[in-house]
Amino acid sequence: MKRIYFFLILITLVALGGCGKSKSERKAEQAEAAERERQAFAAAFRVAVTPTLDCLPVFLMIDSCVVDTSKLDVRMLMFTSHIDVDTAFINGRVHLAFSDLVRMERIHKRKIAVGYLAPTAARWELIGNKSDRINRLSQLGDRMLAMTRFSATDLLADMAIKEAKAENKIYKVQINDINIRCQMLANNEMNALFLPEPQATAAREKGNKVLFSSVDKDVRLGVIAIKDAEIYNDERNRQLDEFSKAYDKACDLINKRGLKYYSALITKYCGVDEHTVAALPQITFPKCGKLREKDQKTALSF
């Protein structure tokens, strides 16, 4: 009797194996799926972001029903430095880039058509390392300050150095990756650093002091840049219009509900804890529209 059951099971397994797909068939299906995804990615509206608070409206668009997905497929590409954002933008890998006005005006000078969809809520603070007991700009003499060359932080660093009037030279050091900057502060490897939100709040909550702030100087250099040459055909124009509507809706929701309401979203994409989110300053997210003339002049003067 046991032999009969054994043979029945064996026959069943052989029959099932015979009905399965061959290795070549599975590889062909995988290749077809990869090609469909490649085509979908190429057709999608792609946006370059960083793990910073100014990109929160896009995080909300990706994780909620703010966008009508039947009308717009938004793909978010995350980078940890604006240099990588620039590269994706210049090479046409993305249609929009969350960046800063200094960087984009520099790209524009290279004869690359750059336009602006909106200003953003980007802000930067120069944070002094508490281990070095740095509480004032004047204490930065003969010390290092982390920033990114040819960017908003480079411009702000020059403003801070001028205001410091330190007896000895303040050394600007290029550290592009936002995560590396935060690690350097935690490991006491840098005397002072420019940080955006929410990373600046995380640093303040650990006892580090703010030495200089773009908000205090009323300098607003965050932008959503658009590569004009990519928006000439009807389909891309339609996608841009749908994106703009959804972006404005996301800004309205954040401004109405406040940052704490989106704590889970901020911790997910920006890598900070709920305590940091609770300590964030009140920030208003501007909708699509023109940049301030004074900010454009400030960027062009650098």
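Points worth noting:
- The chain - share of DSSP beta bridges that are antiparallel (%, nearest 5): 60 percent
- Degrees, to the nearest 10: 2-19 long Cα axis against longest axis of the chain: 60 degrees
- When you filter the GluC sites (Glu not before Pro) in segment 156-221 for DSSP loop state and at most 10 other Cβ atoms inside 10 Å of their Cβ, you are left with GLU167.
- Protection proxy ranking for 213-219, 35-41, using the average of other Cβ atoms within 10 Å per residue and placing the highest first: 213-219, 35-41.
- Each Cα pair under 8 Å and six or more residues apart adds its sequence gap; the mean of these over the residue count of the chain is a relative contact order of 26 percent.
- The figure for SER301 is an accessible area of roughly 90 square angstrom, using a 1.4 Å probe on the protein chains alone.
- Using C-alpha pairs below 8 Å separated by at least 6 residues, the relative contact order for segment 46-102 is 52 percent.
- Proximity of backbone amide H atoms, modeled 1.01 Å from N, is registered between VAL223 and SER99, ASP100, LEU101, THR120 at under 5 Å, excluding neighbours fewer than 5 places apart on the same chain.
- Accessible solvent surface per residue of segment 144-286, calculated while the other protein chains remain in place, 1.4 angstrom probe, Å²: 49 Å²
- Segment 93-144 - Debye-derived log10 I(q)/I(0), Cα point model, q = 0.13 Å⁻¹: -0.57
- Under 13 Å from LYS162, Cα to Cα: aspartates and glutamates that are on another chain or at least 8 residues apart: ASP154
- Normalised by the number of residues in segment 118-269, the mean separation of alpha-carbon contacts (under 8 Å, six or more apart) gives a relative contact order of 35 percent.
- Distant-in-sequence amide H partners of ARG46 (H built 1.01 Å from N, under 5 Å): ARG75, HIS95, LEU96
- Label corresponding to Rg and Dmax of the Cα atoms in Å when calculated from the structure given, among [x] 19.5, 77; [y] 24.8, 97; [z] 19.6, 73: [y]
- With a threshold of 26 Å on the Cα-Cα distance, the over-threshold entries among LYS109/LYS290; LYS111/LYS217; LYS109/LYS297; LYS217/LYS287 are LYS111/LYS217.
- Applying the criteria of a DSSP loop state and at most 16 other Cβ atoms within 10 Å to the trypsin sites (Lys or Arg not before Pro) of segment 40-94 yields LYS71, ARG93.
- Karplus-derived HN-Hα couplings along segment 265-276 (A = 6.51, B = -1.76, C = 1.60, θ = phi - 60°), whole Hz, x at Gly and Pro: 5, 5, 5, 5, 9, 9, x, 10, 8, 5, 4, 5
- Note on segment 234-290: Rg/Rh from Cα positions, Kirkwood definition for Rh, rounded to two decimals, is 1.09.
- Alpha-carbon centroids, segment 49-91 and segment 146-210: separation in whole Å: 25 Å
The values are calculated or read from the model by the stated rules, or taken from the named source; none is laboratory data. Quantities reported herein were computed from a predicted structural model and do not represent experimental measurements. Positions of Cβ are generated from backbone atoms using ideal geometry, with glycine treated the same way; all protein chains shown enter the neighbour counts. Please note that ligands, DNA and RNA were not included when accessible areas were found on the heavy atoms of the full protein model with its side chains. Shrake-Rupley method; radii C 1.70, N 1.55, O 1.52, S 1.80 Å.
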